[in-house]
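The values are calculated or read from the model by the stated rules, or taken from the named source; none is laboratory data. Just so you know, these numbers come straight off a predicted model, no measurement behind them. No Cβ is skipped: glycine too gets one built from the backbone with ideal geometry, and neighbour counts run over all protein chains shown.
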Amino acid sequence: MSTLQSVMVRPESTILEALQVIESGTLQIALVVDDRKVLLGTITDGDIRRGLLRGESLNSSVTTILNNNPITAKMSDSHDYIFSLMKRKQLRQIPVVDYEGRVVKLELLDRIISTDKRDNWVVLMAGGLGSRLGALTKDTPKPLLRINNKPILEIILENFIASGFHRFYISINYKWEMIQDYFGDGSRWGVEIRYLHEKERLGTAGSLSLIKDKPQESLLVINGDLLTKVDFQHLLDYHNDMNAIATMCVRDYELQVPYGVIKVDSNKLTGIEEKPIQRYFINGGIYVIDPSVLEYIPSNTFFDMPTLFEQLIEKKRNTIVFPIREYWIDIGRLDDFERAAGEFAQVFA
């Protein structure tokens, strides 16, 4: 049972059962949820004591004492925001819920104050040609293009380091010597960097077959041309709490039809929707995969992440998505690069 599940109780539970949950752990809270894990309320030791003082018994339902309007955080909220919220409200824990109100995490004040050191390996995909950037990548690989006088890949690396990660693989192919010369073994940042050298382009998943020692923990994989403020610790905890074998980060994408869309039934006009907006989820280029997933990746073969996920879905493995609400930009074209350069100071300062 995960730490999160251990503090969940159902609305039909008794106050005594909630008290046992609170006293058996170190989190000092019980989360009342329905069968879909939608948060109905929270219970603390103080709630129980106040209930007993007004005449409730230990056999009463938890619904008689729960706080049915608890302070919560959204998946997109940053550690800084949650920390400030905790300080304002004098809280030591805040449930984090998704867009449907389901509990995905319990954020703890102690965890925010002290960044945990994560032993998970992070794979930075830096082997692409960057051909859509034209002359910019003729002499320089895209991951070394500078924004605010710092290479894109270094910005990504330092974001992970700030979240407690210290073990990295960098997948390299195009102008690989320049990338390896710049980052070396990682000692300049106080981390460990190893390289996955693609003799031929292997795609966004194929290079993972070059990992010689099977990792013990889940791997985080990110394209080397993404700038984002995703909370990587939050992502990893979400993956673990959902007992997923693979998690894909996804982004909202809107597409507006520039015309009125006609609805018909046979030859009868039934309605007109003027310039409707279609909404989709798109692949965000950030993944978490369990070590067992590496067995699905063929050696020395071009193999992309979408193909890997399709195989896992076909085999009915537990694959999930993590919606990105934070800042995210894929630097694929020249206008993306210019936009990232213009937004960097405001977003990453």
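General observations
- Taken as a whole, the stretch 107-120 holds no residue that is loosely packed, with under 14 Cβ neighbours inside 10 Å, in contact with a Lys or Arg (Cβ under 7 Å, 6 or more places away or on another chain) and more than 24 Å from Ala244 (Cβ to Cβ).
- Boolean, Met86 is within 30 Å of Asp330 (Cβ to Cβ), of a type in the set (A, V, I, L, M) and not assigned by TED's automatic domain parsing to the domain that holds Asp290: no
- When Leu255, Leu269 are checked against the criterion of being surrounded by fewer than 17 Cβ atoms within 10 Å (Cβ to Cβ) and free of Cβ contacts under 8 Å to residues at least 12 places away in the same chain, Leu269 stands alone in meeting it.
- Identity of the residue in the stretch 141-151, touching a residue at least 12 places away in the same chain (Cβ under 8 Å) and not in a helix (DSSP H, G or I), that ends up surrounded by the fewest Cβ atoms within 10 Å (Cβ to Cβ): Asn148
- In the stretch 200-215, of all residues being in contact (Cβ under 8 Å) with a residue 24 or more places away in the chain and not in a helix (DSSP H, G or I), the one that is nearest to Leu145 (Cα to Cα) corresponds to Arg201.
- Residue tally, condition in contact (Cβ under 8 Å) with a residue 40 or more places away in the chain and among the basic types (Lys, Arg), over the stretch 67-102: 3
- Picking from residues in the stretch 152-198 that are part of a loop (DSSP other than H, G, I, E, B) and buried (at least 17 other Cβ atoms within 10 Å of the Cβ), the one that is farthest from the chain's Cα centre (by Cα) is Lys175.
- Test: residue in the stretch 123-140 that is under 30 Å from Leu85 (Cα atoms) and either surrounded by 21 or more Cβ atoms within 10 Å (Cβ to Cβ) or touching a His at 6+ places or on another chain (Cβ under 6 Å) (or both): no
- Condition check for Lys212: assigned by TED's automatic domain parsing to the domain that holds Phe344, in contact with a strand residue (DSSP E or B) (Cβ under 6 Å, 6 or more places away or on another chain) and basic (Lys, Arg): no
- Residue among Val21, Val38, Val7, Val33 that alone is surrounded by 15 or more Cβ atoms within 10 Å (Cβ to Cβ), under 25 Å from Ile324 (Cα atoms) and modelled with pLDDT of 85 or more: Val33
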